[in-house]
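Peer 1: I'd like to ask some things about the structure below.
The values are calculated or read from the model by the stated rules, or taken from the named source; none is laboratory data. Source: prediction; values computed, not measured. Here the Cβ positions follow ideal geometry from the backbone for every residue, glycine too, while neighbour counts run over all protein chains shown. Quick note on the areas: whole protein, heavy atoms, side chains included, nothing else; ligands and nucleic acids left out. Shrake-Rupley method; radii C 1.70, N 1.55, O 1.52, S 1.80 Å.
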Amino acid sequence: MSDALVLIETHGRVGVIRINRPKQLNALNGAVMRMLVDAALAFDADAAVGAIVITGDERAFAAGADIKEMAAASVVEMLQANRIELWDALRGIKKPLIAAVSGWALGGGCELAMACDMIVASETARFGQPEINIGIIPGAGGTQRLTRAVGKALAMEVILNGRFLDAAEAERFGLANRVVPVEQYMRTAIELAQQIAERAPLAVRLAKEAVNQAQESVLAEGIADERRLFYMLFSTEDQKEGMQAFLDKRPARWQGR
Ligand code: CAA
């Protein structure tokens with residue numbers, strides 16, 4: 001296998017980004033995050049790609065930010081390295097992001113999975129925010145996203161007491177979309193991504209924006225935003241085509257316009 005830190009593949013209209021530091025359980029150092037973000041931005045700009053899968057390997061999705069890289073850092077060095085700011089770029093990705101998680105998804109690894117729009121987990125997946133064990137707290141959105149995903153009580157246990165969630169718990173508590181046997185998690189994630197990638201691109205983009213708005217705003221603002229996006233889609237050729245195809249009883253041909 002290549003020794004590149006991040007591997008890129010495409011499967012039909014699905015772009016796959018694979019973290020490739022198996023010996024360090026795919027710990028996310030600065031170089032990995034830079035390459036991962038650059039790959040996601042490139043797929044986002046590529047009209048041939050409709051959805052993106054982020055994954056690691058069977059043993060680890062990612063065991064967190066690279067502790068060796070941070071161990072001796074001062075506040076000033078952390079700030080100057082813009083270590084976490086890099087992650088903000090992922091929030092700007094307009095195409096659906098699906099995390100295909102097997103094995104460890106800890107700390108920054110769990111935060112990376114939660115920064116995606118959906119999580120497909122293998123039965124071996126273990127999620128957690130064990131930063132408390134090394135004297136810090138989650139720094140890449142974990143306290144916010146985990147609490148929204150699983151609720152306050154469980155998030156407190158995971159973050160304050162380092163409790164891990166197994167795959168079945170992650171599915172039950174709303175963190176993972178589905179759990180499948182380890183031999184199937186990549187295929188399942190790519191199939192889900194491919195299904196979404198075949199849908200009307202502009203509607204998918206605005207649907208993602210609208211759902212994210214639900215996480216980030218109060219209800220009245222979210223409803224107003226959803227309505228604005230809904231009306232906006234009536235200026236697209238895909239809306240005319242989609243509705244006409246329904247009336248004609250034929251599949252729609254999406255143009256992304
Ligand atoms: N950073 C750097 N290296 C890591 C790492 C990490 N987050 N996680 C694992 N590794 C390395 C280990 O140091 C080890 O390297 P060596 O072989 O050179 O010693 C190798 O990966 C294999 O790890 P283990 O021998 O520990 O494997 P294990 O099966 O016994 O344990 C584990 C697996 C429970 C995941 C354990 O490795 C572990 O606890 N890792 C750290 C998890 C963690 O604390 N993550 C949070 C990081 S902080 C963070 O992410 C901040 C943030 O919010 C952005």
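Peer 1: Within the stretch 66-91, restricting attention to residues that are open to solvent by less than 40 Å² (accessible area, probe 1.4 Å) and among the small types (G, A, S), which residue is modelled with the lowest pLDDT?
Peer 2: Looking at residues that are open to solvent by less than 40 Å² (accessible area, probe 1.4 Å) and among the small types (G, A, S), I get A73.
Peer 1: Looking at the stretch 225-257, which of its residues are open to solvent by 60 Å² or more (accessible area, probe 1.4 Å), out of contact with any helix residue (DSSP H, G or I) (no Cβ under 8 Å at 6 or more places or on another chain) and of a type in the set (A, V, I, L, M)?
Peer 2: M243, L247, listed by residue number.
Peer 1: Which condition breaks for R163 when tested against (1) part of a helix (DSSP H, G or I); (2) farther than 25 Å from H11 by Cα; (3) touching a Gly at 6+ places or on another chain (Cβ under 8 Å); (4) not hydroxyl-bearing (S, T, Y)?
Peer 2: The one condition R163 does not meet is (1).
Peer 1: Is at least one residue of the stretch 44-53 open to solvent by 80 Å² or more (accessible area, probe 1.4 Å) and either within 16 Å of the ligand (Cβ to nearest atom) or assigned to a strand (DSSP E or B) (or both)?
Peer 2: Within the stretch 44-53, the subset open to solvent by 80 Å² or more (accessible area, probe 1.4 Å) is 45, 47.
Still in the running and either within 16 Å of the ligand (Cβ to nearest atom) or assigned to a strand (DSSP E or B) (or both): none.
Within the stretch 44-53, none of the residues are open to solvent by 80 Å² or more (accessible area, probe 1.4 Å) and either within 16 Å of the ligand (Cβ to nearest atom) or assigned to a strand (DSSP E or B) (or both).
Peer 1: Look at the stretch 72-94 and say how many of its residues are near the ligand (Cβ under 9 Å from one of its atoms) and in a loop (DSSP other than H, G, I, E, B).
Peer 2: Residues of the stretch 72-94 near the ligand (Cβ under 9 Å from one of its atoms): 83-84, 87.
Add one more test, that the residue is in a loop (DSSP other than H, G, I, E, B), and what stays is 83-84.
The total comes to 2.
Peer 1: I've got another one for you. Taking only pairs six or more apart or across chains, which ones have beta-carbon atoms under 9 Å, a first residue in the stretch 23-43 that is open to solvent by less than 40 Å² (accessible area, probe 1.4 Å), and a second residue that is outside any loop (DSSP other than H, G, I, E, B) and among the basic types (K, R)?
Peer 2: Going by the 9 Å Cβ cut-off, the qualifying pairs are A27/K68; N29/K68.
Peer 1: Report, by residue number, each residue of the stretch 126-144 that is more than 7 Å from the ligand (Cβ to nearest atom), open to solvent by 50 Å² or more (accessible area, probe 1.4 Å) and free of Cβ contacts under 8 Å to residues at least 24 places away in the same chain.
Peer 2: G135, I137, Q144
Peer 1: Within the stretch 107-125, count every residue that is within 8 Å of the ligand (Cβ to nearest atom) and surrounded by fewer than 23 Cβ atoms within 10 Å (Cβ to Cβ).
Peer 2: 0
Peer 1: Moving on. Count, please, the residues in the stretch 166-220 that happen to be in contact with a strand residue (DSSP E or B) (Cβ under 8 Å, 6 or more places away or on another chain), of a type in the set (D, E) and either within 30 Å of P251 (Cβ to Cβ) or exposed (fewer than 15 other Cβ atoms within 10 Å of the Cβ) (or both).
Peer 2: Qualifying residue count, the stretch 166-220: 0.
Peer 1: Assuming T147 fulfils every condition listed in (1) near the ligand (Cβ under 8 Å from one of its atoms); (2) in a helix (DSSP H, G or I) apart from one, which condition is it?
Peer 2: Only one criterion is unmet by T147, namely (1).
Peer 1: Could I ask something else about it? Failed condition for L160, given (1) open to solvent by 100 Å² or more (accessible area, probe 1.4 Å); (2) touching a residue at least 12 places away in the same chain (Cβ under 8 Å); (3) over 29 Å from I132 (Cα atoms), with all others met?
Peer 2: Result: L160 fails condition (3) only.
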